[in-house]
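**Q** For reference, the structure I am asking about is given below.
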Amino acid sequence: MDRVTMAHGAGGQIMQSLIENFILKNLGGSGFEVPLEALDDASVANGIVLKSDSHAVKPLFFPGGNIGRLAVAGTVNDIAVLGAEPLALSSALILEEGLPLGDLEKILKSMKETCEEAGVYIITGDTKVVERGALGGCVINTSGIGLRSEALEENLKIVNKYRPMRNRWLLDSNLRSGDKIIISGSVGDHGLAVLSSQEGYNFGSQIVSDVKPLNKMIRSLLEVGGIVAMKDPTRGGLSNALNEWSVKSKVGILVKEADIPIHRDVKAACEMLGIDPLEVGNEGKVIIGVVREMAEEVLETLKSLPEGREASIIGEISDQFSEVVLETVVGGRRILPAPLGDPIPRIC
Ligand code: MG
């Protein structure tokens, strides 16, 4: 294989190998507090959190959202899951010849509304136009910066009451045996909503994307305290995010299938299409690693918020094994591997 394939962008093992064998081989080497090599949701240089994210979702509009909302929420969430407060974004538009200006206006209005929801501003940007081709209308890159907050400091003080954590940010490598894992809500909705508009599927009832900025919800959880790691399970879904945690923290993870919230219509659609909902990307959910003593309190707060009503403790870090292990509904156990890639293309 000597050319890029769609799987190289699908957020699974194949994309991971592209990142390691090409991107990390050639770039990186900064030595900053959280460098490129950490491959975390965002990086940190001199106390400033920085994230860049390109959005190439197809189609531009889908049930529950559009590329503009996705572009703002995606970057805001990657900054927020490090424990930082997002401050400002950039927006780079690559427009394809032929894109209706009415669509562009709708996308920009949606970006503005999503910024207001998150409490951030877009303060710089760029616009390019390319010939008609494969973009599907436009591609949007947003980058963003964030800063440490009082809520993060307080959260870390509470973590340190229960166990020492030297790291100052909520990184994928922070998990230790005994930590509990919470998911903020149901999985699979976003990917299936995009798929339904890509393929014109009618799943009986409409499946709606969960795309949403989560920084305010995350701030409320940091105020409760005890959180050691957070991640948004986007491309490759919950399976991929848990495997990243397991590898980077060098821990085993046990999750209970019965405790993972999945909407009935998402489950039915996945069964019909032969897709594993745990491998489907989400855009409005986080997984939260929390010291066990604080897990119930964090869960309770989450459930009191509109974004977290369906939250659930889905598992824990275990020193019994070194992989991600799924306890199935019938009680058996099997390894939950990192997917080769997200089963649905171009969802973000
Ligand atoms: Mg992320």
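The values are calculated or read from the model by the stated rules, or taken from the named source; none is laboratory data. Remember, it's a predicted structure, so these values are computed and weren't measured experimentally. Cβ sites come from the backbone with ideal geometry, for glycine too, and all protein chains shown count toward neighbours. The area values use the complete protein model at the heavy-atom level, side chains included, leaving out ligands, DNA and RNA. Shrake-Rupley method; radii C 1.70, N 1.55, O 1.52, S 1.80 Å.
**Q** What pairs can you find where one residue is in the stretch 226-247 and free of Cβ contacts under 8 Å to residues at least 60 places away in the same chain, the other is within 14 Å of the ligand (Cβ to nearest atom) and of a type in the set (Ser, Thr, Tyr), and their Cβ atoms are less than 9 Å apart, with a gap of 6+ or different chains?
**A** The qualifying pairs are ALA241/THR234.
**Q** Mind listing just one residue for me: the one in the stretch 18-42 that is open to solvent by less than 70 Å² (accessible area, probe 1.4 Å) and in a loop (DSSP other than H, G, I, E, B) and, of those, farthest from the ligand (Cβ to nearest atom)?
**A** For the stretch 18-42, the residue satisfying everything is GLY29.
**Q** Give the residues of the stretch 190-223 that are in contact with a Pro (Cβ under 9 Å, 6 or more places away or on another chain) and either of a type in the set (Asp, Glu) or closer than 22 Å to ALA42 by Cα (or both), sorted by residue number.
**A** The answer is PRO213, ASN215, MET217.
**Q** Would you call LEU99 crowded, with 16+ Cβ neighbours inside 10 Å, aliphatic (A, V, I, L, M) and over 24 Å from ALA42 (Cα atoms)?
**A** yes
**Q** Something else now. Any chance you could count how many residues in the stretch 127-184 are closer than 16 Å to ALA229 by Cβ, assigned to a strand (DSSP E or B) and open to solvent by 40 Å² or more (accessible area, probe 1.4 Å)?
**A** Total meeting the criteria: 1.
**Q** Taking the condition surrounded by fewer than 24 Cβ atoms within 10 Å (Cβ to Cβ) and not polar (S, T, N, Q), does GLU293 pass? Even if it seems obvious, please write down each step before you answer.
**A** Working: surrounded by fewer than 24 Cβ atoms within 10 Å (Cβ to Cβ): yes; not polar (S, T, N, Q): yes.
Answer is yes for this residue.
**Q** Restricted to the stretch 315-348, and to residues that are open to solvent by less than 30 Å² (accessible area, probe 1.4 Å) and in a strand (DSSP E or B), which residue is farthest from LEU195 (Cα to Cα)?
**A** Only one residue fits best here, namely SER318.
**Q** Please go through (1) touching a Leu at 6+ places or on another chain (Cβ under 8 Å); (2) modelled with pLDDT under 95; (3) of a type in the set (Asp, Glu) for GLU37 and return the number of the only condition it doesn't satisfy.
**A** (2)
**Q** Hey, another quick one. Can you tell me which residue is farthest from the ligand (Cβ to nearest atom) among those in the stretch 43-59 that are within 19 Å of ASP189 (Cβ to Cβ) and open to solvent by less than 10 Å² (accessible area, probe 1.4 Å)?
**A** VAL57
**Q** Okay, moving on. When you go through LEU93, LEU89, LEU70 one by one, which is the residue that is within 16 Å of the ligand (Cβ to nearest atom), at pLDDT 95 or above and in a strand (DSSP E or B)?
**A** Details: LEU93 fails: within 16 Å of the ligand (Cβ to nearest atom); LEU70 fails: in a strand (DSSP E or B).
Residue meeting the stated conditions: LEU89.
**Q** Does the stretch 221-267 hold any residues that are in contact with a helix residue (DSSP H, G or I) (Cβ under 6 Å, 6 or more places away or on another chain), over 23 Å from GLY12 (Cβ atoms) and either surrounded by fewer than 24 Cβ atoms within 10 Å (Cβ to Cβ) or not assigned by TED's automatic domain parsing to the domain that holds VAL159 (or both), and which are they?
**A** Passing the criteria: GLU223, VAL224, GLY225.
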